[in-house]
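Quick note: the coordinates plus some simple rules give every number you see, no bench work behind them. Small disclaimer: the values here were computed from a predicted structure and weren't measured. Cβ placement follows ideal geometry from the backbone for every residue including glycine, while neighbour counts extend to all protein chains displayed.
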Amino acid sequence: MKTKKTAAIILALGALNGSLANANLVDKTNLQFSGYVKADAMLSSYSDGTLASGSIGRDFYLPSLTPVGGEKESAQFDAHIKQSRFRFTTNTDLENGGKISGVLEFDFQTTPNGNERVSNSYEPRIRHAFIKYNNWLIGQTWTTFLDVKSLPETLDFIGATDGSIFVRQTMLKYTTGNFEISVENPETTVTPFGGGSRIVTDDNYIPDLAARYTFKGDWGHFAVAGLVRKLSYVNKQNGADIDTSATSAGLSLTAKINLGQDDLRIMANIGRGLGRYIALNTADAAVLTADNTLETINSSGFSIAYRHFWNPQWRSNFTYSIFSADNDTALTGLSATKQTYSARTNILYSPSKELTFGAEYAYAKRELESGADGDMSRLQFSATYAF
């Protein structure tokens, strides 16, 4: 009996000690909750076909999904709340005198489940999940090759998609002053010899290396970023004998220039084998040759956006963005995307900094190596409550 009582006392003391320890941790941790609720409504028209129900190209602009070569159909209306997001941020004072912070952020874009028939339910997905300790960041967030502050303010999820670097992935990053360097999760996308469905290899054995230096001043900022990675494709299945790799490299120049209340945002990106890093993987990083080796695909992108404040509550953004791929058509075939571009303008009204209503018109065009092309026109309205 004594043994049972003693065990019970020990368990109770252990639980109390754990509770006190947790309480102590809570006392040292500051938790913040932020995000926004955003409702979007879009009317889209395509010159050469349509996008099927459930296509993410109906939720936001993807350059590679502008239909080409089909029959024109009637306009499509879509309304959703998928851009809404929520973010948890913690800051903890450590026993060693240091500090650690953590971020966990979700939204509802690009998830596979959910439909518009009854409940319009959509699964959350992780956008960011990382910790920061001293000068180190570990976890998933924006690639160091991307300058987020140079992205324009648009109703569309990205806006200047054609010319933009846009990737989130897991990394180990070190920051000192205005310099950042990271090793990041690799992945290779390949166009089969002669064209066809994209091959996502998952055969990389060396992390991607990215670095950026940012010059800052009252005038705004200018950043130079570089990317180096090893592309790999191995396939020994069903009689295949593929074991090949190639080196990829890219350069990104970005800026945000303050013009009084207004600002100008510029992005210029170029490289060989950029693939998934630019224009949401409109072109692959490499193409497979007849002798089963990888040949990198050169690509480039440029965007410029001007934001003008009409008064403290009203503002507009004017954006142009272009992407080009230098495909070897003897390898990729004529169905590969040669070029895409888009232009958009919007009007935003914020009666308070927490609340914004907006309207935006966008025009986009996609051209294949065959010379065939198609365009998209989209009118979008939104209401956003940020907290």
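What is the distance in Å between the Cα centroid of region 38-86 and that of region 332-380?
Centre-to-centre (Cα) distance: 10 Å.
Each residue of region 217-234 in turn: what ³J(HN,Hα) in whole Hz from Karplus with 6.51, -1.76, 1.60 and θ = phi - 60°, glycine and Pro shown as x?
x, 4, 6, x, 8, 9, 10, 10, 10, x, 9, 9, 8, 9, 8, 9, 8, 10
What does the highest-first list of 306-318, 237-249 look like by mean Cβ count within 10 Å?
In decreasing order of mean packing, 306-318, 237-249 become 306-318, 237-249.
For S342, what charge total do you get from the other residues with a beta carbon under 10 Å from its beta carbon, if Lys and Arg give +1 and Asp and Glu give -1?
After counting each charged neighbour, the total is +1.
When the dipole is taken about the Cα centre of region 239-387, and only Lys, Arg (+1) and Asp, Glu (-1) are charged at their Cβ, what size is it in debye, to the nearest 20? Could the numbers behind the result be given before it?
Details: 12 positive and 15 negative charges, 187 e Å.
In total the dipole reaches around 900 debye.
Relative to the longest principal axis of the chain, what angle (0 to 90°, nearest 10) does the C-alpha long axis of helix 2-28 take?
The answer is roughly 50 degrees.
Among L94, T111, S45, which residue has its Cα positioned farthest towards the positive end of the charge dipole of region 36-120, with +1 placed on the Cβ of Lys and Arg, -1 on the Cβ of Asp and Glu, and the dipole taken about the Cα centre?
L94
Taking the mean number of other Cβ atoms within 10 Å as a proxy for protection, how do you rank 280-287, 208-215, 173-180 from highest to lowest? Working shown, then result.
On the way: 280-287: 25.5, 208-215: 19.0, 173-180: 14.1.
Descending mean neighbour count gives 280-287, 208-215, 173-180.
Lysine pairs in region 30-386 8 or more apart or on different chains: how many have alpha carbons under 18 angstrom apart?
Here the count comes out as 10.
Out of S164, V148, G196, whose Cα points farthest toward the positive end of the dipole of region 148-214 (charges: +1 Lys, Arg; -1 Asp, Glu; placed on Cβ)?
V148
Just to confirm a number: summing +1 for Lys and Arg and -1 for Asp and Glu over residues other than D78 whose beta-carbon lies under 9 angstrom from that of D78, what do you get?
Net local charge, D78 excluded: -2.
Around F145, with a cut-off of 15 angstrom between Cβ atoms, what is the net charge of the other residues, counting Lys and Arg +1 and Asp and Glu -1?
Summing Lys and Arg as +1 and Asp and Glu as -1 gives +2.
If you place +1 on the Cβ of every Lys and Arg and -1 on the Cβ of every Asp and Glu, how big does the dipole about the Cα centre of region 30-386 come out, in debye to the nearest 20? It would help to have the intermediate numbers written out before the result.
Numbers: 32 positive and 38 negative charges, 193 e Å.
That gives a dipole near 920 debye.
Quickly estimate the mean residue ellipticity at 222 nm for the chain, helices only: each DSSP H run with n ≥ 4 gives -39500 (n - 2.57), and the total goes over all residues, rounded to 500.
-2500 deg cm²/dmol
Over the Cα atoms of region 286-359, what Rg and Dmax result, in angstrom?
When restricted to Cα atoms, region 286-359 yields Rg and Dmax of 20.3, 62 Å.
Among A279, S299, T254, which residue has its Cα furthest toward the positive end of the charge dipole of region 253-329, with +1 on Lys/Arg Cβ and -1 on Asp/Glu Cβ?
Of the listed residues, the answer is T254.
Please compute the length gained on full extension between N120 and V148, using 0.36 nm multiplied by the number of residues separating them and subtracting their Cα-Cα distance.
The N120-V148 span can extend by a further 7.0 nm.
Please give the contour-minus-distance gain from A240 to Y385: 0.36 nm per residue of separation, less the Cα-Cα distance, rounded to one decimal in nm. Mind dumping the intermediate values first?
Details: separation 145, 0.36 × 145 = 52.20 nm, distance 5.35 nm.
Here the answer is 46.8 nm.
Taking only the alpha carbons of region 30-386, what extent do you get along each of the three principal axes, in Å, biggest first?
Rounded to whole Å, the extents work out to 60, 59, 44 Å.
Quick one: what are the phi-derived ³J(HN,Hα) couplings along region 118-126, Karplus 6.51/-1.76/1.60 with θ = phi - 60°, whole Hz, x for glycine and proline?
10, 9, 6, 8, 9, 7, x, 10, 7
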